[in-house]
Amino acid sequence: MSDLELEGRRAHVTGAASGIGWAIAQRLAAGGARVAISDIDEAGAIARAAELGSGHLGVRANVRSMDEVTAALAATVDAFGGLDLLVNNAGIEIGVPVVETDEADFMRLMDINVTGVFRCTKAAAGALAEAAAAGSDAAIVNIASVAGVGGVPLLGAYCASKAAVIRFSEVCAIELREAGVRVNAVCPAFIDTPMVQRLAPAVAAMTGMEFGDVVAVKQGRYGTLEEVAEVVAFLGSSEAGWTTGSHYVLDGGLSGGLL
Amino acid sequence: MAGRLEGKVAVVTGAAQGIGLAIATRYAAEGATVVLSDLDADRAQAAAAAIGPGATAVGCDVTDEGQVASLIAGVVEGHGGLDVAVANAGVAVVAPAVGQSLADWRKVIAVNLDGVFLTLTHAAGAMAASGGGSLVTIASVTAQAGSPLIASYAAAKAGAVNLTKTIAVEMRDHGVRANAICPGFIDTELVKPHKQTFADALGLQAMGIPDFDAFIAMKQGRYGTEEEVAALATFLASDRSGFCTAGEYNLDGGLRASLL
Ligand SMILES: NC(=O)c1ccc[n+]([C@@H]2O[C@H](COP(=O)([O-])OP(=O)(O)OC[C@H]3O[C@@H](n4cnc5c(N)ncnc54)[C@H](O)[C@@H]3O)[C@@H](O)[C@H]2O)c1
Ligand SMILES: NC(=O)c1ccc[n+]([C@@H]2O[C@H](COP(=O)([O-])OP(=O)(O)OC[C@H]3O[C@@H](n4cnc5c(N)ncnc54)[C@H](O)[C@@H]3O)[C@@H](O)[C@H]2O)c1
């Protein structure tokens with residue numbers, strides 16, 4: 001027995017120029033997958049793909065644009081000859097009380113975190129179903145968040161968007177089951193990425209605690225990028241061949257405890 | 001490539017057959033030293049022998065605190081510690097809740113909830129003494145929804161999930177993780193004898209669904225396999241799931257995802 005069965009899998013990870021998406025791309029590539037990295041940061045996506053070495057792809061895709069998403073997924077299928085795994089990772093945060101949140105900002109977040117997942121799913125479903133028909137264990141893994149499982153003050157828009165991703169994953173799982181495409185969500189707690197560094201001051205001010213102490217008390221420690229990538233790799237591999245419509249939380253116990 | 005559980009010592013309850021046996025088999029294949037325990041010591045012995053070196057067997061009724069305590073103590077003594085414990089032993093009584101005897105109710109609660117309590121608490125104590133470990137409870141998706149004909153089973157599973165989370169939270173600072181796996185229907189000896197009873201109670205015939213297997217295919221695509229549960233149990237036992245604790249992990253082919 002050895003590593004997860006990722007060898008030769010053809011994967012596309014959105015928002016993978018930074019943070020969690022980049023860690024997922026590295027994990028998949030280390031397991032032998034070919035990885036397309038897309039991001040709104042085109043230069044970043046191309047540079048990261050080059051870092052992975054030959055056989056991978058870096059491509060621009062703003063998940064707010066159906067055209068860009070469609071083109072990026074088509075480029076992936078062209079380059080790899082198909083698609084076995086889509087990881088919807090691109091996402092943004094807002095750390096502002098609900099009543100102070102700008103309507104346009106709220107809608108922008110929803111457009112990226114929720115509608116972006118819809119766009120990529122729609123654009124990839126055909127290729128994934130084709131791979132499944134040819135015998136592949138085709139899968140979609142959506143990066144939601146523990147913020148989709150419970151409320152987090154200051155994260156009203158974000159929580160709503162991640163809860164939406166969990167529910168959306170369930171419906172996709174059922175609708176795509178017959179085509180052989182599995183769909184699951186992953187729900188991490190705080191991971192030390194640029195996103196969390198941007199949120200930390202507001203959360204610290206709101207709780208009156210050092211942000212590091214909030215993390216230590218609530219979830220024991222930061223989860224690592226590698227730990228998130230492992231759960232994604234597991235759900236994205238045939239090891240989880242019967243898992244669909246589920247959301248897998250990794251949060252050091254944050255959401256599992258009452259107090 | 002090295003196995004994912006290389007160097008770990010694991011104990012699995014109810015491991016003589018079905019899901020428990022698949023977990024023990026996979027753990028051994030991943031490099032763990034595995035102790036198979038079961039009410040049926042002879043079959044556990046035969047199963048361990050079939051797995052080969054690295055696997056041994058101990059008779060243990062999980063409803064008996066003395067037996068669970070000596071199981072865990074024996075593993076620690078024999079193998080120098082305990083890294084992984086899987087609370088898998090389970091039984092079911094298949095009958096409507098209304099009119100069911102208290103004795104039948106208690107029979108299921110005794111194995112599926114009391115047994116999990118004894119396994120997890122004794123194992124957690126041993127793990128904490130040696131720097132930590134991973135507890136895995138084989139619960140069920142029935143923990144999450146009303147489950148006709150298996151009231152005691154589902155209630156015990158819901159209790160077991162909650163207990164697993166509480167132990168996870170209490171023991172986090174001791175390095176002990178605890179997670180529950182919630183499978184949908186797997187075609188084991190636990191399910192096979194009851195298909196017709198379910199089909200009748202659910203009125204499948206009237207819905208134009210030929211039998212319980214066809215109903216399962218509609219609800220969860222197909223039966224899951226013991227090996228698929230074992231794969232998740234391997235992930236949760238391994239250090240790769242280091243940030244997963246107090247979690248509830250479904251694998252059910254989409255059964256829980258749909259309201260219809
Ligand atoms: N960091 C955490 O603690 C945490 C916890 C749970 C979930 N998440 C989720 O993980 C995902 C990645 O977060 P991260 O922490 O790595 O954040 P990050 O800000 O470090 O990275 C996000 C990436 O997404 C890209 N991106 C942003 N808008 C985009 C768009 N419109 N189209 C395409 N790409 C876009 C960014 O350029 C960036 O590369 C997000 O969905 C986030 O909500 C993060
Ligand atoms: N089969 C399914 O569809 C399914 C679904 C979800 C969860 N589960 C759970 O998985 C676990 C294993 O079930 P299975 O399907 O492999 O069933 P199984 O009946 O094939 O095996 C159960 C094993 O537990 C042992 N056992 C029973 N009472 C015991 C006791 N008091 N002490 C020790 N061992 C005892 C039995 O001897 C048997 O070897 C159970 O907890 C069950 O509830 C099963």
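The values are calculated or read from the model by the stated rules, or taken from the named source; none is laboratory data. Keep in mind that what you see is a predicted model, and the values were worked out from it rather than measured. A quick note on method: Cβ atoms are made from the backbone with ideal geometry, for glycine too, and the neighbour counts reach across all protein chains shown. Accessible surface areas use protein heavy atoms only, side chains included; no ligands, DNA or RNA. Shrake-Rupley method; radii C 1.70, N 1.55, O 1.52, S 1.80 Å.
Summary table
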{"read-out": "Identity of the residue in the range A:84-94, touching a helix residue (DSSP H, G or I) at 6+ places or on another chain (Cβ under 6 Å) and more than 12 Å from ligand 1 (Cβ to nearest atom), that ends up nearest to A:Gln197 (Cα to Cα)", "value": "A:Leu86"}
{"read-out": "Positions within the range A:211-240 being within 18 Å of B:Ile181 (Cβ to Cβ), at the interface with another protein chain (Cβ under 7 Å from one of its Cβ atoms) and open to solvent by 20 Å² or more (accessible area, probe 1.4 Å), in sequence order", "value": "A:Glu230, A:Glu239"}
{"read-out": "Unique match (being within 30 Å of A:Gly220 (Cβ to Cβ) and more than 14 Å from ligand 2 (Cβ to nearest atom)) among B:Gly247, B:Gly254", "value": "B:Gly247"}
{"read-out": "Restricting the range A:1-25 to residues that are surrounded by 20 or more Cβ atoms within 10 Å (Cβ to Cβ) and more than 13 Å from the chain's Cα centre (by Cα), the residue that is nearest to ligand 2 (Cβ to nearest atom)", "value": "A:Leu4"}
{"read-out": "Tabulated pairs, the range A:94-117, first touching a residue at least 60 places away in the same chain (Cβ under 8 Å), second assigned to a loop (DSSP other than H, G, I, E, B) and small (Gly, Ala, Ser), C-beta under 9 angstrom, 6+ apart or interchain", "value": "A:Gly116/A:Gly15; A:Gly116/A:Ala90; A:Gly116/A:Gly91"}
{"read-out": "Residues (open to solvent by 10 Å² or more (accessible area, probe 1.4 Å) and of a type in the set (Gly, Ala, Ser)) located in the range A:165-186", "value": "A:Ala179, A:Gly180"}
{"read-out": "Test: residue in the range B:183-204 that is assigned to a loop (DSSP other than H, G, I, E, B), within 10 Å of chain A (Cβ to nearest Cβ) and either within 16 Å of ligand 1 (Cβ to nearest atom) or buried (at least 17 other Cβ atoms within 10 Å of the Cβ) (or both)", "value": "yes"}
{"read-out": "Any hit, the range A:153-163, residues being within 12 Å of ligand 1 (Cβ to nearest atom), farther than 24 Å from B:Ala180 by Cβ and not in a helix (DSSP H, G or I)", "value": "yes"}
{"read-out": "Conditions (1) touching a residue at least 60 places away in the same chain (Cβ under 8 Å); (2) closer than 28 Å to A:Glu178 by Cα; (3) of a type in the set (S, T, N, Q); number of the one not met by B:Thr164", "value": "(2)"}
{"read-out": "Matching option when the condition is open to solvent by less than 30 Å² (accessible area, probe 1.4 Å), within 29 Å of A:Gly31 (Cα to Cα), within 15 Å of ligand 2 (Cβ to nearest atom) and not acidic (Asp, Glu), among B:Ala28, B:Ala24, B:Ala47, B:Ala10", "value": "B:Ala24"}
{"read-out": "Helices (runs of 4 or more DSSP H) contained entirely in the range A:35-129, each with at least 2 residues that are open to solvent by less than 30 Å² (accessible area, probe 1.4 Å)", "value": "A:42-52, A:66-80"}
{"read-out": "In the range B:223-260, the residues that are outside any helix (DSSP H, G or I), more than 8 Å from chain A (Cβ to nearest Cβ) and not aliphatic (A, V, I, L, M)", "value": "B:Tyr223, B:Ser238"}
{"read-out": "Unique match (being under 21 Å from B:Pro148 (Cβ atoms) and away from ligand 2 (no atom under 12 Å from the Cβ)) among B:Asp187, B:Asp213", "value": "B:Asp213"}
{"read-out": "Hits in the range B:57-83 - residues which are away from ligand 2 (no atom under 16 Å from the Cβ) and not acidic (Asp, Glu)", "value": "B:Ala73, B:Val76, B:Gly78, B:His79, B:Gly80, B:Gly81, B:Leu82"}
{"read-out": "Counted residues, the range B:129-170 - those being away from ligand 2 (no atom under 13 Å from the Cβ) and away from chain A (no Cβ under 14 Å)", "value": "8"}
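Residue-wise test of (1) closer than 22 Å to B:Ala24 by Cβ; (2) open to solvent by less than 40 Å² (accessible area, probe 1.4 Å); (3) of a type outside the set (Lys, Arg).
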site: B:Glu226; (1), (2), (3): yes, no, yes
site: B:Ala231; (1), (2), (3): yes, yes, yes
site: B:Thr234; (1), (2), (3): yes, yes, yes
site: B:Asp239; (1), (2), (3): yes, no, yes
site: B:Glu248; (1), (2), (3): no, no, yes
site: B:Gly253; (1), (2), (3): no, yes, yes
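Here is a yes/no grid of residues against (1) over 18 Å from A:Gly15 (Cβ atoms); (2) within 13 Å of chain B (Cβ to nearest Cβ); (3) within 16 Å of ligand 2 (Cβ to nearest atom):
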| site | (1), (2), (3) |
| --- | --- |
| A:Ala147 | no, no, no |
| A:Tyr158 | no, no, no |
| A:Ser169 | no, yes, no |
| A:Glu175 | yes, yes, no |
| A:Ile191 | no, yes, no |
